[in-house]
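Student: Please find one structure pasted underneath; my questions will follow.
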Amino acid sequence: MRLLIVGGVAGGMSAATRARRLDERAEIIVFEKGPHVSFATCGLPYHIGGVIEDRDDLVVQTPEHLRLRFSLDVRTRTEVTAINRARKKLGVRDLNEERAYTEAYDKLILSPGAEPVRPPIPGIDDPAVYALRNMEDMDRISAAVGAKRSGRAVCIGGGFIGLEMAENLVARRWRVALVEMLHQVMPALDREMAEPVHQHLREKGVELHLGSAAAAIERKGRRLSVRLQNGTALPCDLVVLGTGLRPNTGLARQAGLEIGPTGGIKVDQHMRTSDPDIYAVGDAAEVTDYVTGRPTLTPLAGPANRQGRIAADNACGRSSTFRGTQGTAIVRAFDLAVACTGANEKTLRKLGMPYQKVYIHPFSHAGYYPGAASMSLKLLFSTPDGRVLGAQAVGADGVDKRIDVLATAIQARMTVHDLEQVELAYAPQYGAAKDPVNMAAFVAANYLRGDVDIVQADELGDEAALLDVRTAGEYQKGHMPGAMNIPVDELRGRLDELPRDRRLVVYCGVGLRAYIACRILSQHGFRAANVPGGYLTYQHYRPQLPG
Ligand SMILES: Cc1cc2nc3c(=O)[nH]c(=O)nc-3n(C[C@H](O)[C@H](O)[C@H](O)COP(=O)(O)OP(=O)(O)OC[C@H]3O[C@@H](n4cnc5c(N)ncnc54)[C@H](O)[C@@H]3O)c2cc1C
């Protein structure tokens, strides 16, 4: 069997090594147009920031080692230029010797990745405007950053790459402005969950420009100026683009393979394209969203690696299926981890899927043990069955563990009732006897069982009477307009101060005291509803409020 693979990084090399483990006799050739294979794309920003000091640490495998261990024929600086499906041949160009040739295949796996989008704005082609995709891009940015002791950079785009580059440029003592045309960074999150990230970026000295796109990049002598649509001018020495990705589908299109509605190469659950002998994986492939069932692009390393493995299985005669992606992702923004899995609220709303949401703001581990850090966790679940649909978390510690547990729950199609029961590792250094995952599930399940009604912080209307059950001191620092204040510990003695003809919307700092208050009130005949996440979530929806 002759297996040819286009692209020698995440998906491509995962496919190649898996194929070798399954078939010792197959002839496997990997074509990579760049000079390196198997490099750690995800580590590139951290070499620029100086965290990963040795550039060679990013090169996980070399062609020589891959030949030795896996008997792979790895051809770097070799570009596949065409696919002749009728004759099952590839057109290949050796970029070292400027030589063209053809190679025949029995099976072909495409893992050509994606290209950074360069928005069509004046000045985008200036040599001091960089995108980061590979080692060569990294070297160029490193050289530009290293050429000055300090400078000023503008990162355009507030997604993963924009955030990572902002952090790493600050680590190199550069001043950084981050520009994002949406009103939030990290579009995979819902807006209110990005708010703690905005606050943190500003605390770390990043100049944040939200809600206005870059309109032009103008050169002024040795410097640049990024002009925003709102007229703001940001002088700088270099610009880094993190403005999204476009799947590399040129070869597939030219070969007449079917392209899906998202613009990625359409594949079935075996990662097979519209041609049964050609597979596509990674950033270039359109797959199915595990939660919504819709076609999606998920440009992440985990899915690319798993898909590569599955394509290799099928190319080698096994029948393996890919279940779809759920967008589980995590990024660090300075001291905060920002993570998500499954569907976000924006998507659920757009698709009209019935859902409910809860927020909690627990500590990463037992509050009495030193070093506990608070996190914000949002859990989305379907109604009325409580199936977990998505989760987002932001915090300094313990975010990865919770999102990974919730990702597993989504994969297993578990409900919040299952998560009430889930038994997680606990010692005071690591968690809580009621882990944040259990707590979020309790809040959700309490609602589904009818133990407590909820009103979301973004749905508060005038019809309800607002009751703040925090202490007088907390209330005075800031409260919802029109709220009366009865601390939860005084509530039983002051019930006659409350109206019985209106629903009481009860809130506290993060939702726990208000839940206790709601239970007291409902058992005394009041109609009461809790605001999940309390005043903190309310503030995340209204960032201009006092703390
Ligand atoms: C800076 C950065 C940080 C990232 N951090 C994370 C992270 O923390 N977590 C995470 O999950 N994901 C992260 N990602 C995303 C992750 O790296 C990608 O999702 C993953 O590499 C995709 O794998 P792939 O095989 O589809 O494409 P790639 O790994 O990009 O490999 C595609 C390769 O194909 C080659 N190629 C393209 N066309 C041809 C052709 N015609 N002939 C020969 N070769 C060709 C390209 O040169 C390229 O090397 C990051 C990406 C970047 C850029």
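Student: Over the stretch 398-547, what percent of the accessible surface lies on carbon and sulfur atoms, probe 1.4 Å? If you can, show how the numbers build up before the last one.
Tutor: Values: 3540 of 7050 Å².
On the stretch 398-547, the fraction of accessible area on carbon and sulfur atoms equals 50 percent.
Student: Here is a follow-up. Whole Å is fine, so just give me how far the alpha carbon centre of the stretch 99-115 lies from that of the stretch 183-221.
Tutor: After rounding, the separation between the Cα centres reads 39 Å.
Student: Work out from phi, with θ = phi - 60° and the Karplus expression 6.51 cos²θ - 1.76 cosθ + 1.60, the ³J(HN,Hα) of each residue of the stretch 161-166, listed in order in whole Hz, and give x for Gly and Pro.
Tutor: The phi angles translate into 5, x, 5, 5, 5, 4 Hz.
Student: Return the distance in nm (one decimal) between the two label points of a simple spin-label model at residue 21 and residue 171, each offset 7 Å from Cα along Cα→Cβ.
Tutor: According to this spin-label approximation, the distance is 3.0 nm.
Student: Holding the Cα-Cα limit at 29 Å, pick out from 357/434; 107/401; 401/477; 204/401 the pairs that are longer than that.
Tutor: On the way: 357/434 19 Å; 107/401 39 Å; 401/477 33 Å; 204/401 25 Å.
Distance filter (> 29 Å) returns 107/401; 401/477.
Student: For the chain, report the accessible area per residue in Å² (1.4 Å probe, heavy atoms, rounded to an integer).
Tutor: Numbers: 23630 Å² over 547 residues.
Per residue, the chain has an accessible area of 43 Å².
Student: Only Cα pairs under 8 Å and at least 6 apart count here; give the relative contact order of the stretch 232-335 as a rounded whole percent. Each step should come with its number before you reach the end.
Tutor: Numbers: 148 pairs, mean separation 22.2, N = 104.
Once divided by the residue count of the stretch 232-335, the mean separation gives 21 percent.
Student: At R0 = 22 Å, how high is the FRET efficiency between residue 246 and residue 268 if r is their beta carbon distance? Nearest 0.05 is fine.
Tutor: On the way: r = 23 Å, r/R0 = 1.03.
The formula returns an efficiency of 0.45 here.
Student: Related question: Quick one: if you stick a label point 7 Å off each Cα along the C-beta vector at residue 542 and residue 433, how many nm between them?
Tutor: Taking the two extended label points, one gets 3.7 nm.
Student: Further, regarding this structure: For a distance above 21 Å, tell me the whole-number percent of Cα pairs in the stretch 216-368 that qualify. Mind dumping the intermediate values first?
Tutor: Values: 7182 of 11628 pairs.
Value for the stretch 216-368: 62 percent of Cα pairs lie more than 21 Å apart.
Student: Applying the Karplus parametrisation 6.51 cos²θ - 1.76 cosθ + 1.60 with θ = phi - 60° to the phi angles of the stretch 534-542, what ³J(HN,Hα) value in whole Hz is obtained for each residue in order, glycine and proline being reported as x?
Tutor: Whole-Hz 3J(HN,Hα) from phi for the stretch 534-542: x, 5, 5, 5, 4, 5, 4, 7, 10.
Student: Based on the mean of other Cβ atoms within 10 Å per residue, sort peptides 490-501, 473-484, 153-164 so the most packed one is first.
Tutor: Sorting 490-501, 473-484, 153-164 by mean packing, highest first, produces 153-164, 473-484, 490-501.
Student: Once the dipole of the chain is set up with Lys and Arg at +1 and Asp and Glu at -1 on Cβ about the Cα centre, which of 250, 131, 146 lies farthest towards its positive end?
Tutor: Towards the positive end, the residue furthest out is 250.
Student: Starting from the amide H of residue 485, placed 1.01 Å from N in the peptide plane, find each other amide H under 5 Å away whose residue is 5 or more places distant or on another chain.
Tutor: Hits under the 5 Å cutoff: 468.
Student: Among DSSP bridges having both ends in the chain, what percentage is antiparallel? Round to the nearest 5.
Tutor: On the way: 56 of 101 bridges.
If we restrict to bridges inside the chain, about 55 percent are antiparallel.
Student: Computed over the Cα atoms of the stretch 231-282, what is the ratio Rg over Rh, Rh following Kirkwood? Present the calculation step by step, with values, prior to reporting the outcome.
Tutor: Values: Rg = 17.3 Å, Rh = 13.5 Å.
Radius of gyration over Kirkwood radius for the stretch 231-282 works out to 1.28.
Student: Relative contact order for the stretch 400-507: what percent, with Cα pairs under 8 Å and sequence separation of 6 or more? Mind dumping the intermediate values first?
Tutor: Numbers: 91 pairs, mean separation 23.1, N = 108.
Value for the stretch 400-507: 21 percent.
Student: On a C-alpha basis, how far is the centre of the stretch 52-73 from the centre of the stretch 265-300 in Å? Whole number, if you could?
Tutor: First find each Cα centre; the distance between them is then 28 Å.
Student: Would the stretch 354-496 count as rounded, prolate or oblate if I go by the C-alpha gyration tensor, calling it rounded below 1.5 in a/c and otherwise prolate when a/b exceeds b/c, oblate otherwise? It would help to have the intermediate numbers written out before the result.
Tutor: Numbers: a/c = 2.09, a/b = 1.36, b/c = 1.53.
It is oblate, given that a/c is not under 1.5 and a/b is not larger than b/c.
Student: Per 5 Å bin, what is the whole-percent P(r) computed from every C-alpha pair distance within the stretch 421-547?
Tutor: 2, 11, 20, 22, 18, 14, 8, 4, 1, 0
Student: Can you send over the carbon and sulfur percentage of the accessible area for the stretch 236-385, probe radius 1.4 Å, protein chains only?
Tutor: Numbers: 2860 of 5830 Å².
In the stretch 236-385, the share of accessible area belonging to carbon and sulfur is 49 percent.
Student: Report ³J(HN,Hα) in whole Hz for each residue of the stretch 237-242, in order, from the Karplus equation J = 6.51 cos²θ - 1.76 cosθ + 1.60 where θ = phi - 60°; Gly and Pro get x.
Tutor: Using θ = phi - 60°, the values come out as 9, 8, 10, 10, 9, x Hz.
Student: I would also like to ask the following. Which percent of the accessible area of the stretch 189-231 is formed by carbon and sulfur heavy atoms (probe 1.4 angstrom)?
Tutor: On the way: 830 of 1990 Å².
The value for the stretch 189-231 is 42 percent carbon and sulfur by accessible area.
Student: When ranked by the protection proxy of mean other Cβ atoms within 10 Å per residue, highest first, what sequence do the peptides 388-399, 168-179, 96-107 form?
Tutor: Ranked from most to least packed, the peptides come out as 388-399, 168-179, 96-107.
Student: Give me the Debye-computed log₁₀ of I(q)/I(0) at q = 0.06, 0.09, 0.10 Å⁻¹ for the chain, equal point scatterers on Cα only, no solvent, two decimals.
Tutor: -0.36, -0.76, -0.91
Student: Using unit Cβ charges (K, R positive; D, E negative) and no other charged atoms, how large, in debye to the nearest 20, is the dipole of the chain about its Cα centre?
Tutor: 760 debye
Student: Just to confirm my numbers, what's the Cα centroid distance between the stretch 229-256 and the stretch 421-468 in Å?
Tutor: 40 Å
Student: Another one. Over the chain, what is the mean sequence separation of C-alpha contacts under 8 Å (at least six apart), divided by residue count, expressed as relative contact order in percent? Display every interim value, and only then the final one.
Tutor: On the way: 1234 pairs, mean separation 58.8, N = 547.
Taking the mean separation of contacting Cα pairs over the length of the chain, I get 11 percent.
Student: Which one of 282, 324, 437 has its Cα pushed farthest toward the positive end of the charge dipole of the chain, where Lys and Arg give +1 and Asp and Glu give -1 at the Cβ?
Tutor: Among 282, 324, 437, the one farthest towards the positive end of the dipole of the chain is 282.
Student: Could you give the spread of the C-alpha atoms of the stretch 1-80 along their three principal axes, from largest to smallest, in whole angstroms?
Tutor: 44, 24, 19
Student: May I ask for the net charge around residue 435, where only other residues with Cβ less than 15 Å from the Cβ of residue 435 are counted and Lys, Arg are +1 while Asp, Glu are -1?
Tutor: -3
Student: Next question. Each label point is 7 Å from the Cα along the Cα-to-Cβ direction; what then is the distance between the points at residue 203 and residue 147, in nm?
Tutor: For residue 203 paired with residue 147, the spin-label model returns 3.6 nm.
The values are calculated or read from the model by the stated rules, or taken from the named source; none is laboratory data. Keep in mind that this is a model prediction, so the values were computed, not measured. As a convention, Cβ positions derive from the backbone with ideal geometry for all residues, glycine included, and neighbour counts pool all protein chains shown. Heads up: the accessible areas ignore ligands, DNA and RNA and are worked out on the full protein's heavy atoms, side chains in. Shrake-Rupley method; radii C 1.70, N 1.55, O 1.52, S 1.80 Å.
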